[in-house]
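As structure tokens, the structure follows; a few thoughts come after it.
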Amino acid sequence: MTAAERDRLGEGLLAEDGPLVPGKVVGLRASHCPACARWEFPALAYCPGCDGRAEPSALSAQATVIGVTAVLHPPPGALVPVPYTVALAAFPEGVAVLGVVTAALDDVPLGQRVETVAMLIGERLGYGFQLAGGAG
Ligand SMILES: [Zn+2]
């Protein structure tokens, strides 16, 4: 797979204009409703809260871990080799997103700050989280 193909595959979820490479800090492509201030990820054209027209917008790059676990047995069709860590990360916009973390479970306490990065998931460029400084 070429870098251009990976870029194209990542376009749907990653809000980034330049070339995407694994490890690059990015914002997730979300949507924001100007009428009721609701955020959605992945982005939607219309707000599920008020049926208003939603506007494309990017989530902050940093979030806070509010749930975390380790995956020890591969689910059917798994693209990521086990073991790996999955966290639920709460963004300042009020959206929580599940993603793979590039750290061992013991190194990802609740309250840990993480940042969104472009990450290869199998052959596709998707997103994941990496540690971003101290807890809090
Ligand atoms: Zn709305």
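The values are calculated or read from the model by the stated rules, or taken from the named source; none is laboratory data. The structure displayed is predicted, hence computed values, not measured ones. Here the Cβ positions follow ideal geometry from the backbone for every residue, glycine too, while neighbour counts run over all protein chains shown. Areas reflect the complete protein model, heavy atoms only, side chains present, ligands, DNA and RNA absent. Shrake-Rupley method; radii C 1.70, N 1.55, O 1.52, S 1.80 Å.
With the condition kept exactly as written, say whether any residue in the stretch 32-43 is within 15 Å of Gly128 (Cβ to Cβ), touching a Leu at 6+ places or on another chain (Cβ under 9 Å) and not hydrophobic (A, V, I, L, M, F, W, C).
No, every residue in the stretch 32-43 fails to be within 15 Å of Gly128 (Cβ to Cβ), touching a Leu at 6+ places or on another chain (Cβ under 9 Å) and not hydrophobic (A, V, I, L, M, F, W, C).
Given the conditions (1) among the small types (Gly, Ala, Ser); (2) closer than 23 Å to Pro22 by Cα; (3) out of contact with any Asp or Glu (no Cβ under 6 Å at 6 or more places or on another chain); (4) away from the ligand (no atom under 16 Å from the Cβ), report the number of the one that Gly67 does not fulfil.
Of the numbered conditions (1) among the small types (Gly, Ala, Ser); (2) closer than 23 Å to Pro22 by Cα; (3) out of contact with any Asp or Glu (no Cβ under 6 Å at 6 or more places or on another chain); (4) away from the ligand (no atom under 16 Å from the Cβ), the odd one out for Gly67 is (2).
State the number of residues belonging to the stretch 29-57 that are under 14 Å from Gly94 (Cβ atoms) and aromatic (Phe, Trp, Tyr).
Within the stretch 29-57, residues that are under 14 Å from Gly94 (Cβ atoms) and aromatic (Phe, Trp, Tyr) number 2.
How many residues, within the stretch 65-104, are without any contact (Cβ under 8 Å) to a residue 24 or more places away in the chain, over 27 Å from Cys47 (Cβ atoms) and touching a Leu at 6+ places or on another chain (Cβ under 7 Å)?
Summing the residues that are without any contact (Cβ under 8 Å) to a residue 24 or more places away in the chain, over 27 Å from Cys47 (Cβ atoms) and touching a Leu at 6+ places or on another chain (Cβ under 7 Å) in the stretch 65-104 gives 4.
Which of the strands (runs of 3 or more DSSP E) contained wholly in the stretch 85-136 include at least 1 residues that are open to solvent by less than 20 Å² (accessible area, probe 1.4 Å) and touching a Lys or Arg at 6+ places or on another chain (Cβ under 8 Å)?
Once the strands (runs of 3 or more DSSP E) in the stretch 85-136 are filtered for at least 1 residues that are open to solvent by less than 20 Å² (accessible area, probe 1.4 Å) and touching a Lys or Arg at 6+ places or on another chain (Cβ under 8 Å), what remains is 112-121, 124-135.
Restricting attention to the stretch 25-44, which residues are open to solvent by 60 Å² or more (accessible area, probe 1.4 Å), among the charged types (D, E, K, R) and within 16 Å of the ligand (Cβ to nearest atom)?
If the condition is that a residue be open to solvent by 60 Å² or more (accessible area, probe 1.4 Å), among the charged types (D, E, K, R) and within 16 Å of the ligand (Cβ to nearest atom), then Arg38 is the only one that fits.
If you go through the stretch 45-63 one residue at a time, how many are part of a loop (DSSP other than H, G, I, E, B), more than 10 Å from the ligand (Cβ to nearest atom) and surrounded by 13 or more Cβ atoms within 10 Å (Cβ to Cβ)?
So the answer is 3.
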